[in-house]
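Since every read-out is calculated from the coordinates, none of them should be taken as a lab result. A quick note: this is a predicted structure, and the numbers were derived from the prediction, not measured. Positions of Cβ are backbone-derived with ideal geometry, glycine not excepted, and every protein chain shown enters the neighbour counts.
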Ligand SMILES: Cc1cc2nc3c(=O)[nH]c(=O)nc-3n(C[C@H](O)[C@H](O)[C@H](O)COP(=O)(O)O)c2cc1C
């Protein structure tokens, strides 16, 4: 996509102008190709114009992910209804919630539907977690057989329940074992296998670069790095600079993740890390258009139409209906509460109405009350 026409006019030599501008754009990882350079120079003055193409596409095997703004897996949040909603605004990739590999293969209720039904969707990846090479390989095969285009391995989850089972980010403490899982999954399927991890276990064990290098050699085709260690959980700030060292250690696409919530933070994360794209998690909660907005701000994609007024209410009610259809009324109503809470935060909904909606058990009443959101927003 033609994204920039950069012009420079100065008393400097042309060569200096070229190199400064190119270095700057290369550093932020934004240039794919320079289409043409026009320049003219007199004795004291020079002018340069460059038309360039920005990277708006990441190729993972034969799968093209564009724009390079991806929805992070969030257990309990990025279910199929939410992934569909985010995709409807625009996202290069949406990742299912982590699915426990053994439970998935053995079809424990509630596990399959986390990944299911997104199987055939072009820009959906199904994420699997576990500590056992056999179950990981079997889960990957199942996911592939059901039509998934990509499978992602979770080596970043910090939750005690997962880490104590020696899965997720616990694997950062034993890269040899982590590699046996990666090799088993890559061997088991033909679809591209990607990996999501953190900077390391703690500040004394920052080994994501080593993991990335070994994972690439084993066949991993894309690496996403959450710029925190396991021991940080979600505290402090994501260290986008630290992702740069990992990016330099591999040749596969690297995606920067952590604390990216808008175009400005995405641009900063890309500049600091040199990553090929960004992944957004919590920033999309209550704001499903935010990935498309980032893609517009950073990669010059068409801006999303952010729903306002009645359109916003229609979007919220549509998401609520989709959750009821996916989970059934009772569970759907409960699952919906966190999303409705985020939507209402964004609308500054008065506390009384908020509480009434979040405690209502009758789904028709919830929908009726949601219709009032706009009145309150206007009145507020
Ligand atoms: C509630 C919650 C659930 C998460 N579930 C997963 C998961 O299933 N798999 C995974 O790889 N990461 C998971 N993460 C981590 C996110 O994918 C992401 O790496 C992290 O939230 C940082 O990105 P953000 O600041 O954009 O949210 C989860 C995070 C949160 C807050």
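If the chain between residue 337 and residue 235 were fully stretched, how many nm would it gain, using 0.36 nm times the residue separation less the Cα-Cα distance?
Extra length from residue 337 to residue 235 when fully extended: 34.3 nm.
Rounded, prolate or oblate: which fits segment 164-278, taking a ≥ b ≥ c as square roots of the Cα gyration tensor eigenvalues, rounded meaning a/c under 1.5, else prolate when a/b beats b/c?
Oblate, because a/c is 1.5 or more while a/b does not exceed b/c.
Mind giving me the nanometre distance, one decimal, between the label points for residue 355 and residue 74, set 7 Å out from Cα along Cα→Cβ?
The two pseudo-label positions are separated by 2.6 nm.
Please report the relative contact order for segment 58-299, taking Cα pairs under 8 Å with a sequence separation of at least 6, and give it as a percent rounded to a whole number.
Result for segment 58-299 is 18 percent.
Provide 193, 261, 105 in ascending order of the number of other Cβ atoms located within 10 Å of each residue's Cβ, fewest first.
Exposure proxy ranking, most exposed first: 261, 105, 193.
What FRET efficiency, computed as 1/(1 + (r/R0)^6) with R0 = 56 Å and r the Cβ-Cβ distance, is obtained for residue 317 and residue 248, rounded to the nearest 0.05?
0.75
I'd like the per residue volume of the convex hull spanned by the Cα atoms of segment 58-299, given in cubic angstrom.
104 Å³
Note the full-extension length gain between residue 161 and residue 346 as 0.36 nm times their separation in residues minus their Cα-Cα distance, in nm to one decimal.
Working it through step by step, the gained length comes to 63.4 nm.
Please work out the FRET efficiency for the pair residue 62 and residue 268, using the Cβ-Cβ distance as r and a Förster radius of 25 Å; give the result to the nearest 0.05.
0.20
Which of the peptides 167-173, 311-317 is most tightly packed, and how do the rest follow, judged by the mean count of other Cβ atoms within 10 Å per residue?
167-173, 311-317
Stretch residue 297-residue 329 to full length: gain in nm at 0.36 nm per residue minus the Cα-Cα span?
7.7 nm
Report the calculated FRET efficiency for residue 372 and residue 122 (r = Cβ-Cβ distance, R0 = 51 Å), to the nearest 0.05.
E between residue 372 and residue 122, to the nearest 0.05, is 0.85.
Give the relative contact order (percent, whole number) for segment 309-379; include only Cα pairs under 8 Å separated by 6+ residues.
36 percent
Cα centroids of segment 228-254 and segment 321-380: how far apart, whole angstrom?
If we compute the Cα centre of each part, the gap is 36 Å.
Going by average Cβ neighbours within 10 Å, how do the peptides 148-156, 332-340 rank, with the highest at the top?
Descending packing order for the listed peptides: 148-156, 332-340.
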